[in-house]
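The values are calculated or read from the model by the stated rules, or taken from the named source; none is laboratory data. Keep in mind it's a predicted model, so treat the numbers as computed, not measured. Methodologically, a virtual Cβ is constructed for each residue, glycine included, from the backbone with ideal geometry; neighbour enumeration extends over all protein chains shown. Ligands, DNA and RNA are excluded from the accessible area calculation, which covers all protein heavy atoms including side chains. Shrake-Rupley method; radii C 1.70, N 1.55, O 1.52, S 1.80 Å.
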Amino acid sequence: MNDALNQLQPYPFEKLRKLLAGAEHTQGLGHIALSIGEPKHASPEFVAQALRDNLAQMAVYPTTAGLPALREAIAHWCERRFGVPAGWLDAARHVLPVNGTREALFSFVQTVAQRGVDGLIVSPNPFYQIYEGAALLAGVQPHYLACLASHGFNPDFDAVPTQVWERCQILFLCSPGNPTGALIPLETLKRLISLADEHDFVIAADECYSELYFDEGTPPPGLLTACAELGRSDFKRCVVFHSLSKRSNLPGLRSGFVAGDADILKAFLLYRTYHGCAMPVQTQLASIAAWSDEAHVRANRDLYREKFDAVLNILSPVMDVQRPDGSFYLWPNVGGDDAAFCRELFEQQHVTVVPGSYLSRDAGGQNPGAGRVRMALVAPLAECIEGAQRIREFVTR
Ligand SMILES: Cc1ncc(COP(=O)(O)O)c(C=O)c1O
């Protein structure tokens with residue numbers, strides 16, 4: 001057996017199950033889950049139709065590199081969305097389809113991380129659990145940067161010692177973040193690119209929530225925007241991860257992409273060829289349809305905006321909670337033990353949220369998720385409102 005498997009932490013939902021095991025909830029109240037970050041809005045019918053129309057493609061083996069038409073559709077989406085000048089993203093070299101960002105984040109680390117040289121994989125804290133597991137299974141130590149309210153829920157990159165940057169092999173960014181919803185400002189992204197050049201590390205920007213934002217007039221920038229503004233047409237040391245799961249409510253399609261540095265993507269393609277994770281052709285054809293349409297994405301944002309407005313109306317008078325820059329999460333301060341808050345909330349109101357400390361690691365003498373909980377506003381509007389009212393009753397009692 002691979003010894004590194006023993007280093008993997010229990011998944012937050014496993015810990016949550018244990019926390020709530022045996023908890024008795026108040027009779028009569030139906031359960032409301034604000035715990036799982038699974039999109040619940042309807043998947044677009046035209047994507048389902050594209051999938052149905054192309055089921056005969058099951059008869060062929062897909063290539064790992066994917067269809068040129070898909071890679072081109074993605075490159076054009078990046079140009080439109082992030083202001084990348086036409087022609088910079090060569091679909092054949094700068095774009096690869098992946099089966100959702102989860103597997104891509106994991107396999108990317110296996111491709112880029114170098115064992116046995118005292119390296120680090122640097123990650124925000126709290127963070128998406130895969131960054132850590134990928135580092136541990138690649139034999140490289142994870143290093144955590146606290147995302148605190150005092151710093152806008154982003155890491156204080158200026159406070160990172162030079163020795164950490166020197167050992168850094170991959171810097172994970174998550175913007176908008178899970179669970180904080182914080183956006184990394186464009187100027188910070190540009191500064192991180194110059195640090196990557198200075199210390200020779202790769203920036204892996206997980207932007208799977210980039211399309212869930214509130215102001216239609218100001219879509220959040222991403223790492224590709226920073227490259228565009230810096231004139232960095234080779235995207236050196238920069239790779240972005242995007243997904244249809246949240247953008248298009250297609251978590252079961254398993255479709256996303258990576259884009260950026262052509263040399264890194266060439267190595268990633270080689271790794272993936274052996275790993276065996278080519279995207280089925282019918283999924284690729286359905287994905288082309290999804291990346292080529294924005295109307296359904298705007299409608300999706302409208303639904304989230306409505307839910308955030310309603311829930312914040314109920315909760316902000318009684319809790320320390322802010323509207324995030326993006327994503328579908330709230331990350332309120334519960335002013336005490338987050339696990340006890342979750343258990344008591346479940347018992348008294350039959351509402352499930354995730355303790356913030358389960359999404360973060362103790363590092364530097366603190367757990368930056370302690371005292372907070374994550375609420376995912378994925379359920380229908382009425383259920384989110386009912387959940388918020390019960391939480392309000394719980395905290396004001
Ligand atoms: C921050 C973050 N990255 C990546 C993923 C993986 O998403 P998918 O594999 O569906 O693209 C998730 C899913 O919840 C996430 O929260």
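Values as computed for the structure displayed
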| quantity | calculated |
| --- | --- |
| Pairs of Cα atoms farther than 19 Å apart, the stretch 60-137, % | 53 |
| Extension gain (nm, one decimal) between residue 347 and residue 7, 0.36 nm per residue minus Cα-Cα | 119.2 nm |
| Over the chain: helical MRE at 222 nm, DSSP H runs n ≥ 4 each giving -39500 (n - 2.57), nearest 500 | -12500 deg cm²/dmol |
| Per residue accessible area in Å² of the stretch 45-293, where ligands, DNA and RNA are left out and the probe is 1.4 Å | 37 |
| C-alpha long axis of helix 295-315 to longest principal axis of the chain, angle in ° | 30 |
| Pairs of lysines in the chain (C-alpha under 20 Å apart; 8 or more residues apart or interchain) | 5 |
| Solvent-accessible area, 1.4 Å probe, carbon plus sulfur percent, for the stretch 244-380 | 51 |
| Among 148, 130, 82 - extreme Cα towards positive end, dipole of the stretch 45-293, charges at beta-carbon | 130 |
| Solvent-accessible ranking of 61, 304, 144, 274, largest area first, probe 1.4 Å | 61, 274, 144, 304 |
| Separation in nanometres of the label points that stand 7 Å from Cα toward Cβ, at residue 76 and residue 337 | 5.7 |
| Taking N as its residue count, the alpha carbon Rg of the chain over 2.2 N^0.38 Å | 0.98 |
| The stretch 45-293, relative contact order [Cα under 8 Å, separation at least 6], % | 30 |
| In degrees, nearest ten, helix 381-396 long axis to first principal axis of the chain (Cα) | 50 |
